[in-house]
Amino acid sequence: MKYVYENAKIKSKIILCDSLEKDVELLRDKTLYKFIWITEGDVELLINYEPFTFHGGEIVSLSYLHSVRLGKINGRYRAMLFNNRFYHIIDHDSEVLCNGLLFNGSQNVISFHVNEEDTIKLNQLVDVFLEEMSFHDSMQDEMLRIILKRTIILCCRLVRGKHGVYSRRCARFEIMRKFYALVDENFREKKQVQEYADMLNKSSKTLANILSYYHRPPAIKVIHTRIIAEAERLLYYTSKSSKEISLMLGFEEHALFSRFFKNMTGMTTSEFRKQARQLMRV
């Protein structure tokens, strides 16, 4: 099964499928956000080259920064994929509050369980999606966007429930979510924890306590892993030189970026690029 809606004029698209392992080009598309819902059995995903096994009733939400491949499949799954041109996460954040929650960089793998009641709701959304794909009128685009929005809201509720956050705007949880969103937006220019704490009107100690409460990495590690994620993406998918990438990421000196990359990954940029391209050919 594979259903694709694409608006060629604005290059927006949304896809529903159950056979990602057969579609290498789709997996290599680095503009797509992904929901992968394991409906039964077990499915192995290689996320950033690390294997994770997910079980029936689990949903995985991945940003466009995650490298994803399918491993062993001993079950069934459905995947919904979309790009920012179809539904812009940051622009619509006030509606669904998912930026920094479902999608926060490339190092965090967000997964959550779906109960029986919400399984029924998700199946209903899938049915409506399939029904809409049979229409080809001026309303199809907006109808599919509404279905995606409802899917995102449902998934946000499930993640909040997982963390025991039942108020839509629990102050402490919102600070954590906004921190991740701010890092995604500002990591090229802002690399110090205090800069983000100031933007949140909190002390760096308060921010550290909140991240610790939700068992998240320290703030400086979140910032550094976001920088590395973008560096790896540019090395993997572009031909830009290491020096060009260092400037794009806000490093005034190329040597500083080179040391930072080596300390974070254990490889030089040229070693990473060589390894990544070998994996791409597999």
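Against the numbered list (1) at pLDDT 85 or above; (2) in contact with a Phe, Trp or Tyr (Cβ under 8 Å, 6 or more places away or on another chain); (3) open to solvent by 10 Å² or more (accessible area, probe 1.4 Å), CYS17 comes up short only at (3). The single condition among (1) of a type outside the set (Lys, Arg); (2) part of a helix (DSSP H, G or I); (3) touching a residue at least 40 places away in the same chain (Cβ under 8 Å); (4) over 22 Å from HIS113 (Cα atoms) that VAL159 does not satisfy is (4). So which of ILE147, ILE153 is assigned to a helix (DSSP H, G or I), touching a Leu at 6+ places or on another chain (Cβ under 6 Å), open to solvent by less than 80 Å² (accessible area, probe 1.4 Å) and aliphatic (A, V, I, L, M)? Being assigned to a helix (DSSP H, G or I), touching a Leu at 6+ places or on another chain (Cβ under 6 Å), open to solvent by less than 80 Å² (accessible area, probe 1.4 Å) and aliphatic (A, V, I, L, M) holds for just one of ILE147, ILE153, which is ILE147.
Of SER246, SER270, all but one fail to be assigned to a helix (DSSP H, G or I) and surrounded by fewer than 17 Cβ atoms within 10 Å (Cβ to Cβ); the exception is SER270.
Of all residues in region 51-83, those that are open to solvent by 10 Å² or more (accessible area, probe 1.4 Å) and outside any strand (DSSP E or B) total 5. Within region 36-50, being farther than 12 Å from HIS66 by Cα and open to solvent by 10 Å² or more (accessible area, probe 1.4 Å) holds for TRP37, THR39, GLU40, GLY41, ASP42, GLU44. Which of the residues spanning region 1-51 are within 17 Å of VAL114 (Cβ to Cβ) and either of a type outside the set (S, T, N, Q) or out of contact with any Lys or Arg (no Cβ under 6 Å at 6 or more places or on another chain) (or both)? LEU16, ASP18, LYS34, PHE35, ILE36, TRP37, ILE38, GLU40, GLY41, ASP42, VAL43, LEU45 - these are the residues of region 1-51 that are within 17 Å of VAL114 (Cβ to Cβ) and either of a type outside the set (S, T, N, Q) or out of contact with any Lys or Arg (no Cβ under 6 Å at 6 or more places or on another chain) (or both).
Filtering region 23-35 to residues that are open to solvent by 40 Å² or more (accessible area, probe 1.4 Å) and in a helix (DSSP H, G or I) leaves VAL24, GLU25, ARG28. Look at region 120-143: where a residue is without any contact (Cβ under 8 Å) to a residue 40 or more places away in the chain and a partner is of a type in the set (Asp, Glu), sitting 6+ places away or on another chain with Cβ atoms under 7 Å, you get MET143/GLU132. Exactly one residue out of LYS262, LYS240 is open to solvent by less than 80 Å² (accessible area, probe 1.4 Å) and either of a type in the set (Gly, Ala, Ser) or farther than 18 Å from GLU195 by Cβ (or both), and it is LYS240.
For region 180-216, the candidate set comprises residues that are modelled with pLDDT under 90 and assigned to a loop (DSSP other than H, G, I, E, B); within that set, the residue that is most open to solvent (accessible area, probe 1.4 Å) is HIS215.
The values are calculated or read from the model by the stated rules, or taken from the named source; none is laboratory data. Every value quoted in this text rests on a predicted model; they were computed, and no experiment measured them. When we count neighbours, we look across all protein chains shown, and the Cβ atoms used for this are built from the backbone with ideal geometry, even at glycine. We work out accessible area using only protein heavy atoms, side chains counted, and drop any ligands, DNA or RNA first. Shrake-Rupley method; radii C 1.70, N 1.55, O 1.52, S 1.80 Å.
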